[in-house]
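Below: one structure, written as structure tokens.
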Amino acid sequence: MDLKRTVIDLMPAPLVRTFAAPYIAGKGIEAGVSKADDLNKRLGLHSTVDLLGEEVFLRDDVEATVQVYFRMIEALKARPYASISLKPTQIGINQTLAYCQDNLRRITAAAKAHNLRITLDMEDRTLTDASLLMFKAIRDEYDNLGSVLQSRLFRTPDDIKALHAKPCRVRICIGIYMERAEVALQQKPDMKARLFDHVQMLLDHGHYPEIATHDEPLIRRCIEHLDKRGVSKDAYEFQMLLGVPRHDLQQEIVKRGQIMRLYVPFAEEWRYAIRYLKRRLAANPSMALLVMKNLTGK
């Protein structure tokens, strides 16, 4: 794992930008909005638009980031096929929890006024408690805020049980952050099997699972099982990353009358886009092969 990360870290930025092209909408809010519009118009896909960048420490930088989110809300209003994702480390968690929660509340309230959904992304496990605490507090006031849970973590079943009593939108994914064996599963097949269990558990507790995976057998297993259970197609949705070549499967889901939502990141600065792709490559080196298929059409 260390060697793999070292090789990825040493990749020159121009090469990373080439690899990043299919995965990132571009530079600036307009690029994210334009991509969301295009995906919906051409393919019937929904989007969650994300500003790349994390680990913001200075208060002035946090304030600048929060203002970007307010501008995103203005740019994305009147688009029922779009939502917004953000991270705690972008909006002040490195200052104080109270400051971060206040910024999240302000953004969520502004989005609510335009009927836009916000998702508080989940970062590594050191922020899980704080993220869920903020989510529950603000979900008590606003129904347009969603959260994320990771199937690799042993704690996730307990987190599902402890979610807000009100219905919650929850993106359930295996998670990209590598965690220690004491707190998390280490093998992806186990994480995917657990994700299937968590989808059922979320539904049983009255929540709305956003099933985030590119694994076709897992997606088909979920569809078959939930159809047999008679679960309404509007009681859950599927999510994938922009750029992963799953066109046929995505269109199949759309034709079923379900929401198929892509994670659409854009960058205000390219260094954040490069960090994003390096992190994705480190978590899943096979992504490089998928990108090459996109670039070459083979």
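The values are calculated or read from the model by the stated rules, or taken from the named source; none is laboratory data. Please read all numbers here as calculations on a predicted model, not as lab measurements. Note that we place each Cβ from the backbone using ideal geometry, even for glycine, and neighbour counts take in every protein chain shown. Accessible surface areas use protein heavy atoms only, side chains included; no ligands, DNA or RNA. Shrake-Rupley method; radii C 1.70, N 1.55, O 1.52, S 1.80 Å.
With all protein chains in place and a 1.4 Å probe, the accessible surface of the range 76-118 carries 50 percent carbon and sulfur. Annotation: per residue accessible area for the range 88-234 equals 42 Å², rounded to a whole number [probe 1.4 Å, protein chains only]. Pairs exceeding 23 Å between alpha-carbon atoms, taken from K87/K255; K228/K255; K27/K87; K136/K228; K27/K77; K112/K255: K87/K255; K136/K228; K112/K255.
Here the extension length gained between E74 and Q200 equals 41.8 nm, from 0.36 nm per residue of separation less the Cα-Cα distance. Taking the DSSP bridge list for the range 125-215 and keeping only pairs wholly inside it, about 10 percent are antiparallel. For the range 175-244, the fraction of 1.4 Å probe accessible surface lying on carbon and sulfur atoms is 50 percent.
Between R117 and I84, the built amide H atoms are under 5 Å apart, and every one of these is 5 or more places off in sequence or on another chain. Once all protein chains are placed together, H114 keeps about 60 Å² accessible to a 1.4 angstrom probe.
Computing FRET efficiency as 1/(1 + (r/R0)^6) for H114 and S34, where r is the C-beta to C-beta distance and R0 is 22 Å, gives about 0.75. Highest average first, the peptides 79-85, 67-73 ordered by how many other beta carbon atoms sit within 10 Å of their residues are 79-85, 67-73. The order of the peptides 53-66, 99-112 by mean Cβ neighbours within 10 Å, most packed first, is 99-112, 53-66.
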